[in-house]
1. Being touching a residue at least 40 places away in the same chain (Cβ under 8 Å) and either touching a Ser or Thr at 6+ places or on another chain (Cβ under 7 Å) or of a type in the set (G, A, S) (or both) is the requirement here; does H295 meet it?
2. On the given criteria, is D193 buried (at least 19 other Cβ atoms within 10 Å of the Cβ), farther than 23 Å from V308 by Cβ and either free of Cβ contacts under 8 Å to residues at least 60 places away in the same chain or β-branched (V, I, T) (or both)?
3. Identify, please: which residue in region 236-250 is at pLDDT 95 or above and of a type in the set (D, E) and is, among those, nearest to I286 (Cα to Cα)?
4. For region 78-90, name all the residues that are closer than 18 Å to L120 by Cα and either touching a Lys or Arg at 6+ places or on another chain (Cβ under 7 Å) or surrounded by fewer than 21 Cβ atoms within 10 Å (Cβ to Cβ) (or both).
5. What single numbered condition from (1) surrounded by 14 or more Cβ atoms within 10 Å (Cβ to Cβ); (2) in a loop (DSSP other than H, G, I, E, B); (3) over 27 Å from the mean Cα position of the chain (by Cα); (4) modelled with pLDDT of 95 or more fails to hold for S338?
6. Which pairs have Cβ atoms under 6 Å, sit 6 or more apart or on different chains, and link a residue in region 358-383 that is outside any strand (DSSP E or B) to one that is crowded, with 21+ Cβ neighbours inside 10 Å and hydroxyl-bearing (S, T, Y)?
7. Residue under question is A175, and the condition is that it be within 21 Å of M225 (Cβ to Cβ) and either of a type outside the set (D, E, K, R) or not assigned by TED's automatic domain parsing to the domain that holds G218 (or both); does it hold?
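The values are calculated or read from the model by the stated rules, or taken from the named source; none is laboratory data. Predicted model only: the values in this text are computed from it and were never measured. A quick note on method: Cβ atoms are made from the backbone with ideal geometry, for glycine too, and the neighbour counts reach across all protein chains shown.
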Amino acid sequence: MIAQTPPMGWNSWNYFHGNVTEQDVRAAADALVSTGMKDAGYVYVNIDDTWEGTRNADGVLSTNSKFPDMKGLADYVHSKGLKLGIYSGPGPKTCAGYEASYGHEQQDADLYASWGIDYLKYDLCSYHEIMQEQAPNDGAAQMRLMIDAYAKMDKALKSTGRPIVFSLCQYGWDAVWEWAPSLGGNLWRTTGDIRPTWESIYDIIEQQGGLAKYAGPGHWNDPDMLEVGNGIRDPRDPGRIRYLSLAEDRSHFSMWAMLAAPLLAGNDLTHMQPDVLSILTNRDVIAIDQDRLGHEATRAYADGEVEVWTRHLEGGALAVAVLNAGSDRYSSHPFHLSLTKLGLHGPQAGKDLWTGKEVTLTDDEPIELASHDILLVRIPSPK
């Protein structure tokens, strides 16, 4: 069985977008090993869009000049003890306008297997136009077409005999979490694309409410790839990159772990700041994400702009996340945790997973958090 815990690795899109090359992918594989990320659990090296070339007279797809030897690349990645992922979609074209798999599903699946591919991200994109053409103004029929398209590729992947993680990317449309597991999806996007801004990250967190019951070993809700360590051009000064703050990076990573989300780093691994690496390789936080019980966190309650999420872990432990989603530091109005609302009684001893210190959660002790920061505590024996 594959993806018994949420997949961990790296994806090229968030940093390189359409400029990724084979050399970039090899460098990312090297960096996963040299930085210790592989040892922390990051094993998938995933090529996103723009690797595709053209089809020959028999319909066999080739790579483009940026990826002259995909089999050789897969062998290189595998030699590092890592796995290689690739990208396509059910439509005629990918999101970036390259060749996708429409009408060539089995052919492409066989090709991927022959290369040694371990992971497929399958992005809806141009297939949406086919849905509209074949079933105009009929949402139910369009949904059936979409489900059939993903089921077709799942069947093709399975027929190869190679275990390939199947990642559905269709932005959470048509309650994908309700049907993706039955057709073999190992993970499915729950929202639109993430961006390296707090507004985007928090908006995605807010959209995860009510989805916990659909996640579990082998099938996971996917709130999109990580933006830890990334930034965006300042619209007021295009030459300047506005990076996420370390507090925002911590909160982003913590909440993805609480949500049992795939942890696919999206930054430039070869020029990573030590603080960013420290966040991405926090073993205690990763252990929350990879907990084999597979229970996704739920929001226990909110008080103003502070939210409290809990996740039940293997062995009866409990993870508690207190997130300051607001723009102000809670110094004059500190937050007081309500243990009763969490179903807990009396002081709770645990470990702060970002400081590494032992802490005791009570109703009386104020919790002061900087803007967009988080307190993440593992309670081994909640009472």
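1. On the way: touching a residue at least 40 places away in the same chain (Cβ under 8 Å): yes; either touching a Ser or Thr at 6+ places or on another chain (Cβ under 7 Å) or of a type in the set (G, A, S) (or both): no.
The answer is no for H295.
2. On the way: buried (at least 19 other Cβ atoms within 10 Å of the Cβ): no; farther than 23 Å from V308 by Cβ: yes; either free of Cβ contacts under 8 Å to residues at least 60 places away in the same chain or β-branched (V, I, T) (or both): yes.
Against the criterion (buried (at least 19 other Cβ atoms within 10 Å of the Cβ), farther than 23 Å from V308 by Cβ and either free of Cβ contacts under 8 Å to residues at least 60 places away in the same chain or β-branched (V, I, T) (or both)), D193 does not qualify.
3. D249
4. Hits for region 78-90 are H78, L82, G85, Y87.
5. Only one criterion is unmet by S338, namely (1).
6. Hits for this filter: H372/S251.
7. no
One line per residue, one yes/no per condition, for (1) modelled with pLDDT of 95 or more; (2) more than 20 Å from F16 (Cα to Cα); (3) touching a helix residue (DSSP H, G or I) at 6+ places or on another chain (Cβ under 6 Å):
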position: E206; (1), (2), (3): yes, yes, no
position: Y214; (1), (2), (3): yes, yes, yes
position: G218; (1), (2), (3): yes, yes, no
position: V228; (1), (2), (3): yes, no, yes
position: D234; (1), (2), (3): no, no, no
position: L277; (1), (2), (3): yes, no, no
position: N282; (1), (2), (3): yes, yes, no
position: D289; (1), (2), (3): yes, yes, yes
